[in-house]
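Right, one structure below, let's go through it.
Here, each number is a calculation from the coordinates, and none is a lab measurement. Note that this is a predicted model, so its numbers are computed, not measured. Because the Cβ atoms are built from the backbone with ideal geometry, glycine has one as well, and the counts that use them run over all protein chains shown.
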Amino acid sequence: MIRSQAWTDAALALLEFGLPQWKLRSITYEDDEWFCSLGKRWPLPAWLDDIVTVCHPVLPLAILAAFVEACAVTSRSTEAARTVPSVQPAANAAVCCDNFF
């Protein structure tokens, strides 16, 4: 794709293979800039989804910038998911172990 200068197709292929959980929500051209929006959950409305929106005057670079931002969001969320707070049980807490079935 790069030899044939299909930069937009190459950026979309990188997005598809690099972050398969992120989907392209929209690409719009407004005021001499391309706006690229990526989301994780396509059928949901935009206000319920984790959305990354980036603008750039060049379309392939807007897609690549959104890809980089989505990578950052993904790494932050996986880092937060690995951190589990430790909870100590109370000294006089009783636990019921009966089988009610």
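Of note:
- The label-point distance for GLN5 and ASP50, in a model that sets each label 7 Å from Cα toward Cβ, rounds to 3.7 nm.
- Near the amide H of ARG25, within less than 5 Å, lie the amide hydrogens of SER37, LEU38, GLY39, all on another chain or at least 5 residues away, with H placed in the peptide plane.
- Scalar couplings 3J(HN,Hα) for region 53-67, obtained by applying the Karplus form with A = 6.51, B = -1.76, C = 1.60 to θ = phi - 60°, are 10, 9, 10, 7, x, 10, 4, x, 6, 5, 5, 5, 5, 5, 4 Hz; x denotes Gly and Pro.
- Environment charge of PHE17, counting only residues whose C-beta is closer than 14 Å and scoring Lys/Arg +1, Asp/Glu -1: -1
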